Structure formats: structure tokens, C-alpha cells
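The values are calculated or read from the model by the stated rules, or taken from the named source; none is laboratory data. Here the structure is a predicted model, which means the values were calculated and not measured. In this analysis, Cβ positions are derived from the backbone assuming ideal geometry, glycine residues included, and neighbour counts consider all displayed protein chains.
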């Protein structure tokens, strides 16, 4: 990915923050292809929508049969904070020729728990409403003996 097809910030990777190791920080140090910007700019769906062909790919921990998805909590237990996911999904849908994709495994804990639920369990926060979810991609986990090359 070289960001050459972007409408704004052509050739640039834009970020709010980054965590990594020495290799990551060495790559970022004075790298002209990476720009760190304020959260109110990067997470603004109206800014995201200006980028033609914007594709937002986000993950979720669970989706219910109505299309509501959570990426933050299950049954009252919080795993992540709410960040810019909803903003990116909405911005991508508003972008000319944009698309939003929600990706998640179809199950968890060795296929014993479905991540596709009839309704969410009580206490589960809805991160994305059914109006925000356009395309869902699920997959089954690879067996542990499968080698990827």
C-alpha cells in the first residue's frame, strides 16, 4: 500500500498515534510519507468523506442478526474503548465510491461461541448501529496445525 490513489494526502499515511518497538520508531522518525495529525481532523467523518474511494475496514467482537455490532464490550465486560471506528465507517460511506467493511471471526474459543448472536447479551454496548454496517465479512479460525506461507 503506497497511498497513491488517495484524493487528499496522496502518498501519505496519516495517523493519530502509534505504539511499537525500536524498528517501528526508526521507520517513523522523520519519514516524509507518515503524518501525525490531531484526532479532531483524522477522526472527522467529513474529512474522511473527502477521500474518493475511501475504504474503511474495522473489526468487531460480535454482531447480532439485526446488524448491530460491538467492538468494545460483551455482557457488561469492557475490552476496548470507543475510538474512531464509527467515524471512519460513516466517512467511508459518505465518500465518493467509498465502502465500509466490518470484519470479524465467526466464532471464538475454539468454535464454542458464535460471534454472530441473535440479540446481543444484556450489558453489551452497541458500537455500530445497523445503519452504520454495510458489508460484513466473517471467517472461521484456521486450525492450529495450518502453516501459512
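Quick look at the numbers
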{"item": "Segment 57-76, residues that are modelled with pLDDT under 90, loosely packed, with under 15 Cβ neighbours inside 10 Å and over 17 Å from the mean Cα position of the chain (by Cα)", "result": "75, 76"}
{"item": "Conditions (1) more than 25 Å from residue 138 (Cα to Cα); (2) loosely packed, with under 13 Cβ neighbours inside 10 Å: number failed by residue 34", "result": "(2)"}
{"item": "Positions within segment 77-99 being more than 13 Å from residue 55 (Cβ to Cβ) and under 12 Å from the mean Cα position of the chain (by Cα), in sequence order", "result": "82, 83, 84, 85, 86, 87, 90"}
{"item": "Residue 90 vs. criteria buried (at least 19 other Cβ atoms within 10 Å of the Cβ), modelled with pLDDT of 90 or more and over 23 Å from residue 114 (Cα atoms)", "result": "yes"}
{"item": "Considering residues of segment 132-148 that are surrounded by 11 or more Cβ atoms within 10 Å (Cβ to Cβ) and not in a strand (DSSP E or B) only, the residue modelled with the lowest pLDDT", "result": "141"}
{"item": "In segment 5-17, residue surrounded by the most Cβ atoms within 10 Å (Cβ to Cβ) [restricted to those that are closer than 15 Å to residue 53 by Cβ and at pLDDT below 90]", "result": "6"}
